[in-house]
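Asks: A single structure is presented below for examination.
Quick note: the coordinates plus some simple rules give every number you see, no bench work behind them. Every value quoted in this text rests on a predicted model; they were computed, and no experiment measured them. Cβ coordinates were reconstructed from backbone atoms using ideal geometry, including for glycine residues, and neighbour counts include every protein chain displayed.
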Amino acid sequence: MNITQNYTELFVKLKNDDIKAYESVYRIFYDSLCRYLSNFCNNKTTIEDIVQDVLIKLWTNRKEIEIQTSLKSYLYKSVYYSLLDYYRKNKRINENLEQIRYTLTNEIEAEVDESNEKQVEILHTAIEKLPTRCKEIFLLNKYEGYRYKEIAEHLNLSIKTVENQMGRAFVILRKYINATSINFIFCFFYIAI
């Protein structure tokens, strides 16, 4: 009797609810099916899960399974196609997750951009409300990047006057702008210059 006949007999016994025949099939094929899938996949856990799943389905569906070739061929094809299904399913899941991530990122960016625009608009309105000299010093420092000493020289003022005017600008801006958003606006403003 050759190996193929032995496998055929095992399968016949398995179909007749022989648990020992199933255990033999499991013992004979488990390692070789895992090695076979390792040619297509590097993830040992995935490989073992697929092989176990195929072998469990062999037992669960034993009454309905009709094997046209051999038990060995059936099992090898089953694990191969199960691995392909796994990859297809994972690809769809990854594509769906990527689409969700992309959509959420765009929505968050849009909300942040809209929020930033509103806050920057509030800031610009507040700056426009500053007294003329105070506004001039503030803009030279924050928009033009001048240091206090440079502003003092440029406007022929003392450094102390520049410091006082900058302090006054911040006090006025804080009163005008909501206290909860002032920190964000100034952080954003420092980054923007």
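Asks: I'd like the Karplus ³J(HN,Hα) series for the stretch 160-167: coefficients 6.51, -1.76, 1.60, θ = phi - 60°, whole numbers in Hz, and an x wherever there's a Gly or Pro.
Replies: Each residue of the stretch 160-167 in turn: 4, 5, 4, 4, 4, 5, 5, x Hz.
Asks: Next up: TYR81: net charge of surrounding residues, Cβ under 13 Å, Lys/Arg +1, Asp/Glu -1, itself excluded? Mind showing how you got there, number by number?
Replies: Values: positive: LYS57, LYS77, ARG88, LYS89; negative: ASP53, ASP85.
Counting the neighbours of TYR81, the net charge comes to +2.
Asks: So if each residue of separation counts as 0.36 nm, and I subtract the Cα-Cα distance between ASN156 and THR125, what length gain in nm does that give? Display every interim value, and only then the final one.
Replies: Values: separation 31, 0.36 × 31 = 11.16 nm, distance 2.74 nm.
Extra length from ASN156 to THR125 when fully extended: 8.4 nm.
Asks: Continuing with the same structure: If one computes P(r) from the Cα atoms of the stretch 3-95, what percent of pairs lie at distances over 18 Å? Before the final figure, lay out each step's value.
Replies: Details: 1886 of 4278 pairs.
Taking all Cα-Cα pairs of the stretch 3-95, the fraction more than 18 Å apart is 44 percent.
Asks: Evaluate the charge dipole of the stretch 3-95 about its Cα centre and quote only its size in Debye, nearest 20, assuming +1 on the Cβ of each Lys and Arg and -1 on the Cβ of each Asp and Glu. Let's see the in-between values first.
Replies: Details: 15 positive and 12 negative charges, 37 e Å.
Dipole about the Cα centre, nearest 20: 180 debye.
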